[in-house]
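A short write-up of the structure that comes next.
The values are calculated or read from the model by the stated rules, or taken from the named source; none is laboratory data. Quick caveat, the model's predicted, so the values are computed rather than measured. So basically every Cβ, Gly included, is an ideal-geometry build from the backbone, and we count neighbours across all protein chains shown.
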């Protein structure tokens, strides 16, 4: 501390603000996690492995993280297009469309789940259309992907949008003057500038999607070995008063999410370095 | 002013202040918290209104009863974790057992404190089918006919769904020549006819009634009546199977809480009130079967007679839970072995 005080800092009161930050993070994030790990630890290694190593859990993880990945990939494409349109063009109703993007943030997820299920159920407006083609959406893993696309869209759009706003169109003009074609401009000029923001958005969207419960349980059908998500299994274990089993699953999900986020961060760092060198 | 009138005035003032003092010592403001499960909202609303009025007439105390409703398992967990409920009125005995076992806020002998294993009213599991019963569903065996879709919630997350499951199991076990294996096979067939496993009973009712999915809904009798009378008038028929389960949603006093708050007397009176003909009639009105034998005839007009078995016949909740719903138990097995 004495060392820090001696150093010059543009932020006055570093000690105080760091103290507040640590206190707040502990209270809101670290202590709850510690309790979670404490509960899971009560199961012991054997109990932990027994709780997670079975076909239903494995399949639910596959469904949860698989559907999240698909939803995020789809959103990366359409979120980017949406952000592009909102930043680069002016058109009537733009402000309203911009406001719509945040709706999935604001809506209680159960409401979203019920609305989507009503729409995509075999007797629903869109569901009946697909049903006539022989495609079922609600009560299948496809339904889960749709719900996850819905809830994770804002993360991509809202992270890409400000970066895109700062990206100068002059760069593209310069590339054109230097003889680049449209694909080259996108691949070599625009995309590298947006990639960090896209990755951040994708990471947040993925984390959000993997933990989603409220909207998914309505549309999933929850059939074991088909459309059952891990958060539902956690709820089921709680319902059985199996606290340790539930926390074991929660810790497993947390570790997987953490690994995925770590991986994305590493890609981010590698990407920054590469672009820095160019 | 005479001596007498002055005396009279003084005495009457004294008398008035005495009565006020006495009634202040007596009339209290009391509150009770009843933590219950989902579909009992309307039932307890009506019962609470009458009980608080009677309690005030009897004791002069102003009683307010607060209700909390939610899934039976999660409600039990809240009370276990410290929600100060004076009484619990839940869907399954095992939920109350869990409180008695974990936090010990309810004494272990709760089941013997009130009549009929502390169950004031009962219900059963019936089939709700579409008007005219187009698929001809009469009994449990018809549920696994090739083109029949069955709607029932997930027994892992829904207390009500465990009654459905156990009723199906008991029927299969009661068939001539049935074995444990054949009963399991029946359950496996049955659940392969379930296209949506909602997490709660109300969710299943919605799937069946609103989304028009499935041919038959396995439901609590009171929910089936409610769906028939209110949600979709004239769209559904109730089919009573040959054998079903006697669903006994129990009640208990939360000992630790009433002792702390000094509400044992009123809490006991409240739960005993549930057994009076007056409360039992309200139960009938809300489509629960009364336990008071003097009302059997009255109830018989509404509820068809059917053969039932109770959870005790399956060895009690703990045994049934261990055998069917624990991790890796029968319900998990029927989905895993393809």
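Overview of values
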item	result
The listed residue being under 17 Å from the mean Cα position of the chain (by Cα) and either at pLDDT 90 or above or within 14 Å of chain B (Cβ to nearest Cβ) (or both), out of A:86, A:153	A:153
Extreme residue, modelled with the lowest pLDDT, among residues of the range B:32-69 that are assigned to a strand (DSSP E or B) and crowded, with 21+ Cβ neighbours inside 10 Å	B:37
Residues of the range A:158-177 that turn out to be in a helix (DSSP H, G or I) and either out of contact with any helix residue (DSSP H, G or I) (no Cβ under 6 Å at 6 or more places or on another chain) or without any contact (Cβ under 8 Å) to a residue 24 or more places away in the chain (or both), as a count	12
All positions within the range A:209-233 that are surrounded by fewer than 24 Cβ atoms within 10 Å (Cβ to Cβ) and more than 10 Å from chain B (Cβ to nearest Cβ)	A:211, A:214, A:231
Boolean, residue A:100 is away from every other protein chain (no Cβ under 14 Å), farther than 26 Å from residue A:172 by Cβ and either buried (at least 16 other Cβ atoms within 10 Å of the Cβ) or at pLDDT below 90 (or both)	no
Which numbered condition residue A:144 fails, given (1) away from chain B (no Cβ under 14 Å); (2) in a helix (DSSP H, G or I)	(1)
Subset of the range B:291-311 [part of a helix (DSSP H, G or I) and either free of Cβ contacts under 8 Å to residues at least 12 places away in the same chain or within 14 Å of chain A (Cβ to nearest Cβ) (or both)]	B:293, B:296, B:297, B:300
Per-region count, the range B:73-85, residues crowded, with 24+ Cβ neighbours inside 10 Å and in a loop (DSSP other than H, G, I, E, B)	1
Residue among B:134, B:146, B:155 that alone is within 14 Å of chain A (Cβ to nearest Cβ) and part of a loop (DSSP other than H, G, I, E, B)	B:155
Condition met for residue A:93 (within 22 Å of residue A:157 (Cα to Cα) and over 26 Å from the mean Cα position of the chain (by Cα))	yes
Residue in the range B:326-336 that is outside any strand (DSSP E or B), surrounded by fewer than 17 Cβ atoms within 10 Å (Cβ to Cβ), modelled with pLDDT under 85 and touching a helix residue (DSSP H, G or I) at 6+ places or on another chain (Cβ under 8 Å) present	yes
Those helices (runs of 4 or more DSSP H) lying entirely in the range B:197-290 with at least 2 residues within 14 Å of chain A (Cβ to nearest Cβ) and either modelled with pLDDT of 90 or more or surrounded by 23 or more Cβ atoms within 10 Å (Cβ to Cβ) (or both)	B:201-209
Flag if residue A:65 is within 21 Å of residue A:251 (Cβ to Cβ), within 21 Å of the chain's Cα centre (by Cα) and either in contact (Cβ under 8 Å) with a residue 40 or more places away in the chain or in the same structural domain as residue A:195 (by TED's automatic domain parsing) (or both)	yes
Selection within the range A:112-141 - without any contact (Cβ under 8 Å) to a residue 12 or more places away in the chain and within 14 Å of chain B (Cβ to nearest Cβ)	A:115, A:118, A:119, A:123, A:125, A:126, A:127, A:128, A:131
Evaluation of residue B:186 against (1) over 24 Å from residue B:309 (Cα atoms); (2) surrounded by 20 or more Cβ atoms within 10 Å (Cβ to Cβ); (3) in contact with a helix residue (DSSP H, G or I) (Cβ under 7 Å, 6 or more places away or on another chain) (one fails), failing number	(1)
Set B:150, B:129: member being out of contact with any helix residue (DSSP H, G or I) (no Cβ under 8 Å at 6 or more places or on another chain) and modelled with pLDDT of 95 or more	B:129
